[in-house]
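The values are calculated or read from the model by the stated rules, or taken from the named source; none is laboratory data. Bear in mind the structure is a predicted one, so any value in this text is a computation, not a measurement. Here Cβ is always computed from backbone atoms with ideal geometry, including for glycine, and neighbour counts include all displayed protein chains. With ligands, DNA and RNA removed, areas are computed over all heavy atoms of the protein, side chains included. Shrake-Rupley method; radii C 1.70, N 1.55, O 1.52, S 1.80 Å.
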Protein chains: 2
Amino acid sequence: MTEAADVMQPAGGFDAPFVKELVRIWRAEDMSGAWAGKSDLDLLEPYILDKEKRRALPVIGDPDPDTVWRLELFFNAVAVSIEKATDVMIQPMLKMHHEGFGRLVLIGGRLIAVNKQLRDVHRFGFDNLAKLASEGNKYIRDGIKMIRKFPDVANY
Amino acid sequence: MTEAADVMQPAGGFDAPFVKELVRIWRAEDMSGAWAGKSDLDLLEPYILDKEKRRALPVIGDPDPDTVWRLELFFNAVAVSIEKATDVMIQPMLKMHHEGFGRLVLIGGRLIAVNKQLRDVHRFGFDNLAKLASEGNKYIRDGIKMIRKFPDVANY
């Protein structure tokens, strides 16, 4: 068993539809086929940051562009999942100060379905795969709830 | 006359409340006092692009950072004007591809009060000051209308 697999408990993690969506989005980014030999687990591994790894990452200076990209793909997967559940087209917008704080919104029509204040983006990650799945699902649930609460705004 | 009515009144140019707000915002940016000797007209002059000037600006490559900044201050003035009229706090978000297209939204609560698709940001400007004022007022009116239509979302 690899080290990656150790932290990635399959229960409530790898089979989660959100995680599958996230993997699909990552694969779609792989234009050059560079990751064809990588397992799904390998692709998601950089999302997993235990406490020690997280503490080791400095929060001063600009966040690593790869980290910002991972964050964007994570919320893209949330967006697509909300779209599939509601048939409302969702567009993400990210506004980030270069020092790693900012705001991410997922927009449907004129509604902010998901609103996330960001800080310490340098350390964006999850304790384990189950945590990643449950966080993703929380955003999806919140987004769907907002759209069902304000359908006129989401379909404006 | 209420503040909202004041903000929304159609005015010809320099006396328009929106233009005054825009000048105020520009002056507030002038930390160093470098513009103390500049008239209001001098400050706003770069916004004025007649057809000839506009055509002369190339739309390939990245837009001039000063142009992007002018665009941001323009919509900041719209945001502040909507705030004053509605008592809803407004936050702008800009997402721009470096080639000069993108999207600008003004957010109140969970509502997108103003939604603007951007293109050819390189050429952001107005034929004359009256046009600048009337465009600004149009966004303000639209924003106020949305907030009055969906107060629950704007105050969420």
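Of the residues making up the range B:77-84, none is open to solvent by 70 Å² or more (accessible area, probe 1.4 Å) and not basic (Lys, Arg).
Hey, among the residues in the range A:131-153 that are within 13 Å of chain B (Cβ to nearest Cβ) and of a type in the set (Val, Ile, Thr), which one's nearest to residue A:88 (Cα to Cα)? Residue satisfying both the conditions and the ranking: A:147. With open to solvent by 60 Å² or more (accessible area, probe 1.4 Å), more than 14 Å from chain B (Cβ to nearest Cβ), closer than 22 Å to residue A:35 by Cβ and of a type in the set (Asp, Glu) as the only criterion, which of A:50, A:66 stands out? Exactly one of A:50, A:66 is open to solvent by 60 Å² or more (accessible area, probe 1.4 Å), more than 14 Å from chain B (Cβ to nearest Cβ), closer than 22 Å to residue A:35 by Cβ and of a type in the set (Asp, Glu), namely A:66.
Residues that are more than 8 Å from chain B (Cβ to nearest Cβ) and of a type in the set (Lys, Arg) were ranked within the range A:86-123; the one that is nearest to the chain's Cα centre (by Cα) is A:116.
Among helices (runs of 4 or more DSSP H) entirely within the range A:40-114, having at least 1 residues that are aromatic (Phe, Trp, Tyr) and in contact (Cβ under 8 Å) with a residue 40 or more places away in the chain singles out A:65-86. Does residue B:34 meet the test of being over 30 Å from residue B:151 (Cβ atoms) and either hydrophobic (A, V, I, L, M, F, W, C) or at pLDDT below 95 (or both)? Against the criterion (over 30 Å from residue B:151 (Cβ atoms) and either hydrophobic (A, V, I, L, M, F, W, C) or at pLDDT below 95 (or both)), residue B:34 qualifies. The set of residues in the range B:115-140 being part of a helix (DSSP H, G or I) and crowded, with 18+ Cβ neighbours inside 10 Å consists of B:121, B:122, B:129, B:132, B:133, B:136, B:137, B:139, B:140.
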